Amino acid sequence: MSAAEHVTDSLNKIAELDLDLTQTIYQQYFTRCPAASELMHYSDPHMRGRMLEQTFGLIMDPSLQGEDQYFRWEVGNHLMGYGVSKDMYADYLESIRDCVKGALREAWQPQHESGWQLRIQSLLDELALLN
Ligand code: HEM
């Protein structure tokens, strides 16, 4: 299985457990990155849910990266339109990974760890290339 498939497997397990991690993830993210908390202070739960859904989709699908693809377009929007800075991404992606890991407990496997690691690194590498 590819890194993305291992990530997908971990998220399927979350779905099977019928867990909604949205609040936990944003709480952890805002603790790690207070500047993001300030920026998202007024965003409503629906917006946060949609952002997280899109992020899950992106982590599970490497074809959304690269020239003219979703990730670059979304980063452009965030940097230009929302006042987000590049250094806010690592904490966000790692908070998501850590909350999934924490929720899965013993169902979290080494291939989940390496899959998430590779997908996060790939996104951060691409981010570093962008202006
Ligand atoms: C790969 C990572 C990310 C993806 C895919 C993503 C996706 C999105 C999407 C789809 C929206 C619009 C939601 C809607 O209104 O329907 C959004 C809004 C927003 N995102 Fe992100 N996001 C990401 C990372 C971040 C990070 C790291 C920050 C840092 C604080 C951030 C801050 C915001 C803000 C401030 C808004 C607008 C909130 C508002 O309209 O009130 N995002 N994001």
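Derivation of every value follows stated rules applied to the coordinates shown; laboratory data play no part. The shown structure was predicted, so the numbers you read here are calculated from the model rather than taken from an experiment. Please note: Cβ atoms are built from the backbone with ideal geometry, for glycine as well, and neighbour counts cover all protein chains shown.
Considering segment 82-92, and only residues there that are in a helix (DSSP H, G or I) and within 7 Å of the ligand (Cβ to nearest atom), the residue that is surrounded by the most Cβ atoms within 10 Å (Cβ to Cβ) turns out to be 92. Taking residues in segment 107-129 that are free of Cβ contacts under 8 Å to residues at least 12 places away in the same chain, and partners anywhere that are part of a helix (DSSP H, G or I) and of a type outside the set (D, E, K, R), not one pair has Cβ atoms closer than 7 Å while being at least 6 places apart or on different chains. Of the helices (runs of 4 or more DSSP H) lying entirely inside segment 1-81, none contains at least 3 residues that are more than 11 Å from the ligand (Cβ to nearest atom), surrounded by fewer than 14 Cβ atoms within 10 Å (Cβ to Cβ) and among the aromatic types (Phe, Trp, Tyr).
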